[in-house]
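Remarks on the structure that follows.
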Amino acid sequence: MKLGRIHRIGMALLSLAFATFPASAQALFPVTDVDRDTVPAGTPEAFAAVFGTSPKNEAERMVKGEKITFVPLTLIKLPGDVTALVSTGASACEAHACAGLNSVHYLRRDTVGHGYVKAGEWLDVGMSGTWGNPAARWGVSDAITGTPVLYTEGGGTWQGYSCDVAVLTELGPKGPVEIARVPIYYSDASRDDGPTLRGTIVAAERGRSFTVSYAGSERVSEGYVRGVGGS
């Protein structure tokens, strides 16, 4: 068993502490593939409140000079009366260097009309992929900070090397805050014996740290510790 490095989340490193896990360690929360062809139950009302009514539940926006087509991914209940709508956006630019986007909207219920009212908008959140794609995998958990944290994963392949990164975004009261970037997958197909590693978040001390266990050509656990002040 090889042990990896401790990483920081935020401004300062708090401590050095490792835990080791078997390759089959259970994931802390489920991470699934993004399915842009399925409209999740409950999302059309929220999606229409921020993007406008659309019979296909998709909407085009110009973001940073690129045409992005958004579709709803999920609704996440936040503390108080706030609901977060997460959407994924595919770019009209389909070159290898082009990336899609993920958006987060904060919504509140209109007490008069009982519909949703937009309370905040962020059109570029988390990790995306190449060829104009948004995040390829996603998940959500409150086990890391006590507040819902959005997991988005994406990456690409360059000359036989494949690399995916997971971004953890805390859905805080003032808006989404990125708290960590985690290398989550690596493979080298440029040679016959090239290594392959896949990481999984397997444990967390709420508000302080979490551990990623890697399996594949090697087995390694790496710890991430939150910085002073929780930043």
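The values are calculated or read from the model by the stated rules, or taken from the named source; none is laboratory data. Computed from a predicted model, the values in this text were never measured in an experiment. Methodologically, a virtual Cβ is constructed for each residue, glycine included, from the backbone with ideal geometry; neighbour enumeration extends over all protein chains shown. Accessible surface is based on the protein model in full, side chains and every heavy atom, while ligands, DNA and RNA are left aside. Shrake-Rupley method; radii C 1.70, N 1.55, O 1.52, S 1.80 Å.
How about region 41-77: which of its residues are of a type outside the set (A, V, I, L, M), in contact with a Leu (Cβ under 9 Å, 6 or more places away or on another chain) and either assigned to a loop (DSSP other than H, G, I, E, B) or within 24 Å of residue 95 (Cβ to Cβ) (or both)? Write out each step before concluding.
Step one: list which residues in region 41-77 are of a type outside the set (A, V, I, L, M), which gives 42-45, 47, 51-58, 60-61, 64-67, 69-70, 72, 74, 77.
Still in the running and in contact with a Leu (Cβ under 9 Å, 6 or more places away or on another chain): 42-43, 47, 61, 64, 66, 70, 72, 74.
Within region 41-77, 42, 61, 64, 66, 70 meet the criteria.
Just one of (1) of a type in the set (Gly, Ala, Ser); (2) within 22 Å of residue 164 (Cβ to Cβ); (3) not in a strand (DSSP E or B) trips up residue 80, so point out which.
Unmet condition: (2).
Would you please name the residue that is farthest from residue 158 (Cα to Cα), looking only at residues in region 189-231 that are surrounded by fewer than 16 Cβ atoms within 10 Å (Cβ to Cβ) and of a type in the set (Asp, Glu)?
205
Select from region 159-185 the residues that are assigned to a strand (DSSP E or B), in contact (Cβ under 8 Å) with a residue 40 or more places away in the chain, surrounded by fewer than 18 Cβ atoms within 10 Å (Cβ to Cβ) and more than 10 Å from the chain's Cα centre (by Cα) and list them in ascending order.
175
Just for region 84-137: of the residues that are modelled with pLDDT under 95 and among the polar types (S, T, N, Q), which one is most open to solvent (accessible area, probe 1.4 Å)?
Here the residue is 111.
Here is a check on your reading of the model: is residue 107 within 23 Å of residue 227 (Cα to Cα), in contact (Cβ under 8 Å) with a residue 40 or more places away in the chain and outside any loop (DSSP other than H, G, I, E, B)?
Details: within 23 Å of residue 227 (Cα to Cα): no; in contact (Cβ under 8 Å) with a residue 40 or more places away in the chain: yes; outside any loop (DSSP other than H, G, I, E, B): yes.
Spelling it out, it is not the case that residue 107 is within 23 Å of residue 227 (Cα to Cα), in contact (Cβ under 8 Å) with a residue 40 or more places away in the chain and outside any loop (DSSP other than H, G, I, E, B).
How many of the residues making up region 186-201 are farther than 17 Å from residue 215 by Cβ and either of a type outside the set (Lys, Arg) or part of a strand (DSSP E or B) (or both)?
Total meeting the criteria: 4.
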